[in-house]
Number of protein chains: 2
Amino acid sequence: MAAPKDPRPCSIADALALVGEKYSLLVLREVCLGNGRFDQLVRNIGAPRDILATRLRRLVDARILTKRAYSERPQRFEYRPTEAGLELEPVLMTLMTWGDRHLRGDEDRPMVIEHSCGNELVPVVTCRACGDPVSHEDLTAHPQVPGWSVAGPTAA
Amino acid sequence: MAAPKDPRPCSIADALALVGEKYSLLVLREVCLGNGRFDQLVRNIGAPRDILATRLRRLVDARILTKRAYSERPQRFEYRPTEAGLELEPVLMTLMTWGDRHLRGDEDRPMVIEHSCGNELVPVVTCRACGDPVSHEDLTAHPQVPGWSVAGPTAA
DNA sequence: CCACCTGAGTTGGAAAGTCGAACCCACCCG
DNA sequence: CGGGTGGGTTCGACTTTCCAACTCAGGTGG
């Protein structure tokens, strides 16, 4: 009865099912930057128009984006992030920081984000409870679903 | 001469070119959990074996994973995250938190992460300079490449 | 010795998704 | 009227994915 496809139940997988397709997160990037029009998206992302159209439909269905007219007659539309969409920005920030660090010679970063405190944003993931920056060795995973244990950190 | 494909230069796009393909981030998830063997990956991710094999090659090439033998005779291998791979964990954490919040009825989370401080990990992206949690309206993007401006936050 | 198992993949062919260019439609501009 | 713009849709060629079956090497049990 068990289907031969029952991967680990996981919110990462669920999230990626919505935003993990090619271009989806780049759409979100542009929309968060305020570039929400179809032709802007095509140009700035470099995606085929048809793919972009299907991605936009999906993201709107998932309530990550909304489509609103910024002009009737002629009808013209613009996509914007919802609350849920904006809450994906941390994913973009951490990805960007990783890319800056590992894929570029540091100081040819194509974009710098300024924080309202006046400094350049260097995003750090911290623990809400203790406020400390989080690193791998501080984490212990506790699966909640029977049958889906983890091996735990492999001894060095 | 300008190719008809010049999307915005962007570290998010560059990072996604490496880890944005289907299953890649799930591979990283499993490997960070300590489940680094081929058949574990197949089972826990639910990916076709051939696709998984090409993803693993790619991630090893990108120095996000390493492949090491955990047994000669019989030869058996295990994939592990590199430093660079571990630095992608924040991406997984923020994705997981988003998925928990938006895709589930809060309290059927399939996995809980414990921080070494003793509390459940709730990851928060903060600004390294001022320490404050980051939210969208605190951010200003400064493109460094001529010709790639942004619209800026659209007035409500 | 032989059959069978496990781990770690590779192979082949059908099905699905992507790409790019061309097309469409409504509307505005001169 | 002719041309331009914004926001898509359609088409066919091409590329990936998927899944089952196969391989290969080295144990394991009888």
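The values are calculated or read from the model by the stated rules, or taken from the named source; none is laboratory data. In this text, all values refer to a predicted model and were calculated from it rather than measured experimentally. Here the Cβ is made from the backbone with ideal geometry for all residues, glycine too, and neighbour counts use every protein chain on show.
Select from segment B:56-72 the residues that are within 15 Å of the chain's Cα centre (by Cα) and not hydrophobic (A, V, I, L, M, F, W, C) and write down the one among them that is farthest from DNA strand C (Cβ to nearest atom).
Only one residue fits best here, namely B:63.
Could you figure out which of (1) over 24 Å from residue A:18 (Cα atoms); (2) at the interface with chain A (Cβ under 9 Å from one of its Cβ atoms) isn't true of residue B:38?
(2)
If you take the residues in segment A:28-63 that are in a loop (DSSP other than H, G, I, E, B), touching a residue at least 24 places away in the same chain (Cβ under 8 Å) and within 19 Å of residue B:151 (Cβ to Cβ), which one is nearest to DNA strand D (Cβ to nearest atom)? Write out each step before concluding.
Residues of segment A:28-63 in a loop (DSSP other than H, G, I, E, B): A:34-37, A:46-48, A:62-63.
Subsequent filtering for residues that are touching a residue at least 24 places away in the same chain (Cβ under 8 Å) retains A:36-37, A:47, A:62.
Subsequent filtering for residues that are within 19 Å of residue B:151 (Cβ to Cβ) retains A:36-37, A:47.
Numbers: A:36: 8, A:37: 3, A:47: 11 Å.
Among them, the one singled out is A:37.
Give all pairs with beta carbons closer than 8 Å in which a residue from segment A:15-26 that is in the same structural domain as residue A:44 (by TED's automatic domain parsing) meets a residue that is in a helix (DSSP H, G or I) and hydroxyl-bearing (Ser, Thr, Tyr); count only pairs at least 6 apart in sequence or on separate chains.
Here the result reads A:18/A:24, each pair linking segment A:15-26 to a residue that is in a helix (DSSP H, G or I) and hydroxyl-bearing (Ser, Thr, Tyr).
Let me spell it out: the conditions are (1) part of a loop (DSSP other than H, G, I, E, B); (2) over 30 Å from residue A:62 (Cα atoms), and residue B:79 meets all of them except one. Which number is the exception?
(1)
Report yes if residue B:6 is acidic (Asp, Glu) and under 18 Å from the mean Cα position of the chain (by Cα), otherwise no.
Details: acidic (Asp, Glu): yes; under 18 Å from the mean Cα position of the chain (by Cα): no.
No; evaluated as a whole, the condition is false for this residue.
If you go through segment B:102-125 one residue at a time, how many are closer than 30 Å to residue A:118 by Cβ and more than 18 Å from the chain's Cα centre (by Cα)? Please lay out each step first, then the result.
Within segment B:102-125, the first condition is being closer than 30 Å to residue A:118 by Cβ, and the residues that meet it are B:115, B:117, B:121-125.
Checking which are more than 18 Å from the chain's Cα centre (by Cα) leaves us with B:115, B:117.
So the count comes out to 2.
Anything in segment B:5-27 that is crowded, with 17+ Cβ neighbours inside 10 Å, more than 10 Å from DNA strand D (Cβ to nearest atom) and assigned to a helix (DSSP H, G or I)? List them, or say none.
B:11, B:12, B:13, B:14, B:15, B:16, B:18, B:19, B:25, B:26, B:27
If you scan segment A:59-81, which residues turn out to be in contact with a Leu (Cβ under 8 Å, 6 or more places away or on another chain) and buried (at least 16 other Cβ atoms within 10 Å of the Cβ)? Spell out the reasoning first.
Initially, segment A:59-81 is screened for residues in contact with a Leu (Cβ under 8 Å, 6 or more places away or on another chain), giving A:59, A:62, A:64-65, A:67, A:79-81.
Matches in segment A:59-81: A:59, A:62, A:64, A:65, A:79, A:80, A:81.
Inspect all residues belonging to segment A:69-76 and state whether any of them is among the small types (Gly, Ala, Ser) and in a strand (DSSP E or B). Spell out how you get there, then give the answer.
Just the residues of segment A:69-76 that are among the small types (Gly, Ala, Ser), to begin with: A:69, A:71.
Those left that are additionally in a strand (DSSP E or B): A:69, A:71.
Yes, there is a match, as at least one residue in segment A:69-76 is among the small types (Gly, Ala, Ser) and in a strand (DSSP E or B).
Of all residues in segment A:80-108, count the ones that are at pLDDT 95 or above and either among the acidic types (Asp, Glu) or over 22 Å from residue A:64 (Cα atoms) (or both).
To start, the set of residues in segment A:80-108 that are at pLDDT 95 or above comprises A:80-103.
Next, only the ones that are either among the acidic types (Asp, Glu) or over 22 Å from residue A:64 (Cα atoms) (or both) stay: A:83, A:87, A:89, A:97-103.
Residues meeting the conditions: 10.
Restrict the check to segment B:78-96 and report whether at least one residue is within 10 Å of DNA strand C (Cβ to nearest atom) and outside the structural domain of residue B:134 (by TED's automatic domain parsing). First the steps, then the outcome.
Applying the first criterion (within 10 Å of DNA strand C (Cβ to nearest atom)) to segment B:78-96 yields B:78-79.
Within this subset, residues satisfying the condition of being outside the structural domain of residue B:134 (by TED's automatic domain parsing) are B:78-79.
Within segment B:78-96 (the criterion being within 10 Å of DNA strand C (Cβ to nearest atom) and outside the structural domain of residue B:134 (by TED's automatic domain parsing)), the answer is yes, since at least one residue qualifies.
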